[in-house]
Amino acid sequence: MRLIQIADALEAEVHHAPKGWEQISIESVFASDLMSDVLMSDRDEMLVITSLSTEQSIRSAGIVGSEAVIIANNKTVTDGMIALAKELDIALFCTIFPKYESCIRLGRIMGL
């Protein structure tokens, strides 16, 4: 699925989007607040959904090569997070939905 479909499904607010972000392909979703779990993932074209609204979530996503991070639960996205997302060229969004509902919505558009 494309990142634009995900942003639409989650009614996401864009905080940083790399050039051509609408066409970025996402093949897997990892939802966790434990960045140690995220760091153990080995997936391609991955999206991270988390409620952890810190720079560590962006840094962890960058280490594993995630295409995008979505901050759930309408948590505040800090200027530091936005700056790091720009530096690492990772798409950064925020959604009002909790992680669970976000995953359900994405499962529906993935046909699961």
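Looking at (1) touching a strand residue (DSSP E or B) at 6+ places or on another chain (Cβ under 6 Å); (2) modelled with pLDDT under 95; (3) polar (S, T, N, Q), which is the one condition that is false for Ser36? With (1) touching a strand residue (DSSP E or B) at 6+ places or on another chain (Cβ under 6 Å); (2) modelled with pLDDT under 95; (3) polar (S, T, N, Q) applied to Ser36, the lone miss is (1).
State whether the residues of the stretch 39-54 include one that is modelled with pLDDT of 95 or more, farther than 11 Å from Ala91 by Cβ and among the aliphatic types (A, V, I, L, M). Looking through the stretch 39-54, at least one residue is modelled with pLDDT of 95 or more, farther than 11 Å from Ala91 by Cβ and among the aliphatic types (A, V, I, L, M). The helices (runs of 4 or more DSSP H) located wholly in the stretch 1-104 that include 3 or more residues which are touching a residue at least 60 places away in the same chain (Cβ under 8 Å) and either of a type outside the set (A, V, I, L, M, F, W, C) or crowded, with 20+ Cβ neighbours inside 10 Å (or both) occupy 3-9, 79-88. Could you go through the stretch 90-99 and let me know if any residue there is under 13 Å from the mean Cα position of the chain (by Cα) and on the phi > 0 side of the Ramachandran plot. Checked the stretch 90-99: no residue is under 13 Å from the mean Cα position of the chain (by Cα) and on the phi > 0 side of the Ramachandran plot.
Evaluating Val64 against the criteria (1) touching a strand residue (DSSP E or B) at 6+ places or on another chain (Cβ under 8 Å); (2) β-branched (Val, Ile, Thr); (3) under 17 Å from Ile6 (Cβ atoms) leaves one unmet condition, (3). Here Ser53 meets each of (1) under 20 Å from Leu106 (Cβ atoms); (2) touching a helix residue (DSSP H, G or I) at 6+ places or on another chain (Cβ under 6 Å) with one exception, condition (2).
The values are calculated or read from the model by the stated rules, or taken from the named source; none is laboratory data. Just so it is clear, the model here is predicted, and its values are computed rather than measured. Positions of Cβ are backbone-derived with ideal geometry, glycine not excepted, and every protein chain shown enters the neighbour counts.
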